[in-house]
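The values are calculated or read from the model by the stated rules, or taken from the named source; none is laboratory data. What you are looking at is a predicted structure, and each value in this text was computed from that prediction instead of being measured. A quick note on method: Cβ atoms are made from the backbone with ideal geometry, for glycine too, and the neighbour counts reach across all protein chains shown.
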Protein chains: 2
Amino acid sequence: MKEYMQQLAQQARAAATEMSRAETAAKDQALLAIADAIDAAADTLKAENQKDLQAGRDNGLDAAMLDRLELNDARIAGMSEGLRQIAALQDPIGEISGLAYRPSGLQIGKMRVPLGVIGIIYESRPNVTADAAGLCLKSGNATILRGGSEAIHSNKAVAKCIQQGLTEAGLPAEAVQVVETTDRAAVGELITSSDTVDVIIPRGGKSLIERISREATVPVIKHLDGICHVYIDAEADLQKASDIAFNSKTHRYGVCNAMETLLVHESVASAYLPEMAQRFADKGVELRGCDKTCEVIDCNTATDEDWDTEYLAAILSIKVVTDIDQAMAHINRYGSHHTDTIVSENYTLARRFLREVDSSSVMVNASTRFADGFEYGLGAEIGISTDKLHARGPVGLEGLTSLKYIVLGDGQIRE
Amino acid sequence: MKEYMQQLAQQARAAATEMSRAETAAKDQALLAIADAIDAAADTLKAENQKDLQAGRDNGLDAAMLDRLELNDARIAGMSEGLRQIAALQDPIGEISGLAYRPSGLQIGKMRVPLGVIGIIYESRPNVTADAAGLCLKSGNATILRGGSEAIHSNKAVAKCIQQGLTEAGLPAEAVQVVETTDRAAVGELITSSDTVDVIIPRGGKSLIERISREATVPVIKHLDGICHVYIDAEADLQKASDIAFNSKTHRYGVCNAMETLLVHESVASAYLPEMAQRFADKGVELRGCDKTCEVIDCNTATDEDWDTEYLAAILSIKVVTDIDQAMAHINRYGSHHTDTIVSENYTLARRFLREVDSSSVMVNASTRFADGFEYGLGAEIGISTDKLHARGPVGLEGLTSLKYIVLGDGQIRE
């Protein structure tokens, strides 16, 4: 297994050098050819996927997991459409910025370059195979994809389409490789191959990501949890406050950018909370409030654990605060530095909130649900990073690249 | 010890929150006050430094190490002058870029923010204490400095000046803390405090940095070695080629951006190498060449190990290559991805070299010695990163920051 993984990594390294030089047209051609191959192989993909689904049922996977595992016509069309969208994005590689003359007469600037070899570790959803491969391909990287063992037949079938498209475009098939062993030790090998792998991107549940972060010697771009807040300020427009809070919580429950805790300034609590509580109750959202909240509305009592919890469900914790400082202290203490919003018409407080809240997305008068690569104009995203280093927030093509300095001279030497 | 380090880290975390909000004027005032305090304490600094030097001599430190350890008048003036220069730099924090309207009506952009708590681990040179503290302070971070035990008295004395300046400017003294224990376990504790420390920057020998990279769970911005190349192309201007190679090797030997290997196109080897070899010989540089080199000039034979070696000395390896592809393959295979130069008048080859060489600085017709934060206009540098993630090449204030997304709305919700 160790030898097999090392071979994959070596092949990826060699392919990465070729990919870093690949012309934009060749990369786009490959993306379109992969999309066509996926469309053409729809029946095969569904047949291979059936093997995984059958094994999943035999192994007692729950309904949610089986749903994520399924490749139906809509998801297959989604994969190919996603690849065509990536082909239409601007190529980030080779872009030069800041090139300016220095007193030495040298022109110095930065050029955007691929990271190299990217290892992606994910669970159940086989459509990630195509999405992740497409983004890494466009950004000139080589990719090693390690999907869950429960999706192995589906992933191999998608990989076949990818390699067919790469070959058609004259690019190395090893630019995207799917790990074909289900041996769990393969993950351990991948995340410690710091000589050959440049970065690991884990996608999946929190326990998977925590384990990988702990054990990896290769740098990790990761997304942990999303404990997002909406703070209703004393000077909030209460109609906006109601719509934003409702949308942030109920637009979708199981997503990382859903609100989990609502913070309300004490001066508007009695004007705002009863109507808001009714709106949530009509939607079937369970409310858990602090003591002050429970004085204003009828709800369960929140414990300290609630402030720390990413429900991903129709549950909301509510806390009444005395001012913006208490709100921001709560967010920075209990939040996961993902996405937090203030609802306020006050210029000075909005300005402070933007600067002082330490989260990957900080918003004024907008639903937390907008924290998303597509909404931000990235075209596509490989995930949302809750790290501070390298990439923070939604990660698109640019997050899969680095910058090197370029220096243009005419014989300059240092005196 | 563990408790002590945890206390430092907690204090740093709290200070980091204050520092992230600190106004530019307060940070600059602190930098100037620290500079004044260092100047005023020159005699104390020298006296404390004498204790370290005496202990160093007693413990048999070599002359180079004792030299690095020394704080004389020039170095003390250098520290305070460096801090005044940092005060004069533009504050990177809070800068907003790319703020543009999206179809949703939201304005979305990025704001530059501090990383948080930065741990710096370094050896012998006590002036690093002031340099590193100054850069981290200006960029709104809190810093934990862990210098070598051989410099403990000097470092504590510098730290006292720093904390005096912070207090005078109304900033938390805990924004810069020097680890006062020489227990080596303190380093292990610091580099695994991923809950409280955001990034580790090690400065020192390769073995120190490798050990820290291996054991750290906190992300590391690191500089390993500098095996830099100059490639003399077939279409090089041979006068520029001679000056650039000579300057890259001999301007200073013990620096990471000095050339260690000279690559020469075979078609110019006989025209270029004899005169160049004479120039190096006059300077006392030992030459080690490949077989083809040895046919043209009189020199020692290079082994495979030479291509892999950062001499940091008056030694140069030389290899004759058949074309730019062989040159770039050599650089990408044996180099350390630090700094590499092509000397050529050919537009197409220069353009290819810039794109295809995978190094933190790639140059055309310039001495490798220019790879430096000051020459690049960063104002100051905390080091040169040979990593690809986050910061690559010379790291100035910007490398000590991150970007968060900011979203300005008017009540937008997602449909």
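Taken over the range A:157-173, the criterion of being closer than 22 Å to A:Lys46 by Cα and of a type in the set (Gly, Ala, Ser) is satisfied by A:Ala157, A:Ala159, A:Gly165. Residues in the range B:229-253 that are part of a loop (DSSP other than H, G, I, E, B), within 11 Å of another protein chain (Cβ to nearest Cβ) and under 16 Å from B:Gly284 (Cβ atoms): 2 in all. Whether a residue is free of Cβ contacts under 8 Å to residues at least 60 places away in the same chain, closer than 18 Å to B:Asp233 by Cα, basic (Lys, Arg) and facing another protein chain (nearest Cβ under 7 Å) was assessed, and B:Arg355 passes this test. Here is the figure for the range B:314-333: residues that are more than 21 Å from B:Asn365 (Cα to Cα) and modelled with pLDDT of 95 or more total 2. Scanning for something away from chain B (no Cβ under 14 Å), under 30 Å from A:Thr309 (Cβ atoms) and in contact (Cβ under 8 Å) with a residue 24 or more places away in the chain, does the range A:99-121 turn up at least one residue? Yes, there is a match, as at least one residue in the range A:99-121 is away from chain B (no Cβ under 14 Å), under 30 Å from A:Thr309 (Cβ atoms) and in contact (Cβ under 8 Å) with a residue 24 or more places away in the chain. Screening A:Asp298 with (1) within 14 Å of chain B (Cβ to nearest Cβ); (2) surrounded by fewer than 19 Cβ atoms within 10 Å (Cβ to Cβ) gives one miss only, at (1). When the range A:362-373 is filtered for residues that are in contact (Cβ under 8 Å) with a residue 60 or more places away in the chain and either surrounded by 23 or more Cβ atoms within 10 Å (Cβ to Cβ) or within 7 Å of chain B (Cβ to nearest Cβ) (or both), the ones remaining, listed by number, are A:Asn365, A:Ala366, A:Ser367, A:Thr368, A:Arg369, A:Phe370, A:Ala371.
Matching residues to (1) surrounded by 15 or more Cβ atoms within 10 Å (Cβ to Cβ); (2) of a type in the set (Gly, Ala, Ser); (3) out of contact with any Phe, Trp or Tyr (no Cβ under 6 Å at 6 or more places or on another chain):
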position	(1), (2), (3)
B:Asp52	yes, no, yes
B:Gly56	yes, yes, yes
B:Leu69	yes, no, yes
B:Ile76	yes, no, yes
B:Gly82	yes, yes, yes
B:Ala88	no, yes, yes
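Here B:Asp91 fits the description: among the charged types (D, E, K, R), touching an Asp or Glu at 6+ places or on another chain (Cβ under 9 Å) and within 29 Å of B:Gly116 (Cα to Cα). The residue that is farthest from A:Tyr311 (Cα to Cα), counting only those in the range A:234-285 that are in contact (Cβ under 8 Å) with a residue 40 or more places away in the chain and of a type in the set (S, T, N, Q), is A:Asn247.
Consider the range A:334-351 and keep the residues that are within 10 Å of chain B (Cβ to nearest Cβ) and under 28 Å from A:Lys206 (Cβ atoms). The one that is surrounded by the fewest Cβ atoms within 10 Å (Cβ to Cβ) is A:His337.
Scan the range A:254-269 for residues that are of a type in the set (A, V, I, L, M, F, W, C), within 11 Å of chain B (Cβ to nearest Cβ) and in contact with a Ser or Thr (Cβ under 8 Å, 6 or more places away or on another chain) and report the count.
Qualifying residue count, the range A:254-269: 1.
In this structure, B:Ile38 qualifies as surrounded by 19 or more Cβ atoms within 10 Å (Cβ to Cβ), among the β-branched types (Val, Ile, Thr) and within 28 Å of B:Thr181 (Cβ to Cβ). B:Ala30 fulfils the conditions (1) without any contact (Cβ under 8 Å) to a residue 40 or more places away in the chain; (2) crowded, with 16+ Cβ neighbours inside 10 Å except for a single criterion, (1).
Among the residues of the range A:362-385, those identified as more than 9 Å from the chain's Cα centre (by Cα), under 24 Å from A:Ala133 (Cα atoms) and not charged (D, E, K, R) are A:Ala371, A:Phe374, A:Tyr376, A:Gly377, A:Leu378, A:Gly379, A:Ala380. Looking at A:Ile118, A:Ile93, just one residue is within 18 Å of the chain's Cα centre (by Cα) and under 20 Å from A:Gly373 (Cα atoms), and that residue is A:Ile118.
Considering the range A:360-412 alone, what residues qualify as being of a type in the set (Asp, Glu) and closer than 26 Å to A:Leu312 by Cα? Across the range A:360-412, the qualifying residues are A:Asp372, A:Glu375, A:Glu381, A:Asp387. All of A:Val255, A:Val268 fail the test of being at pLDDT 95 or above and of a type in the set (Val, Ile, Thr), apart from A:Val268. For the range A:311-326, the condition of being free of Cβ contacts under 8 Å to residues at least 40 places away in the same chain and facing another protein chain (nearest Cβ under 10 Å) holds for none of the residues.
Among residues of the range A:39-51 that are in contact (Cβ under 8 Å) with a residue 12 or more places away in the chain, those with a beta-carbon under 9 Å from a residue that is acidic (Asp, Glu) at least six positions away or on a different chain give the pairs A:Ala42/A:Asp73; A:Lys46/A:Asp73; A:Asn49/A:Glu70. Taken over the range B:77-129, the criterion of being of a type in the set (A, V, I, L, M, F, W, C) and in a strand (DSSP E or B) is satisfied by B:Ile96, B:Leu99, B:Ala100, B:Ile108, B:Met111, B:Val113, B:Val117, B:Ile118, B:Ile120, B:Ile121.
In the set (1) closer than 26 Å to B:Arg392 by Cβ; (2) surrounded by fewer than 24 Cβ atoms within 10 Å (Cβ to Cβ); (3) aliphatic (A, V, I, L, M), B:Val230 fails one condition alone, (2). Across the range A:2-56, the number of residues qualifying as assigned to a helix (DSSP H, G or I) and farther than 14 Å from A:Leu71 by Cα comes to 36. Of the set (1) closer than 30 Å to A:Thr386 by Cβ; (2) at pLDDT 95 or above, all apply to B:Val220 but (2).
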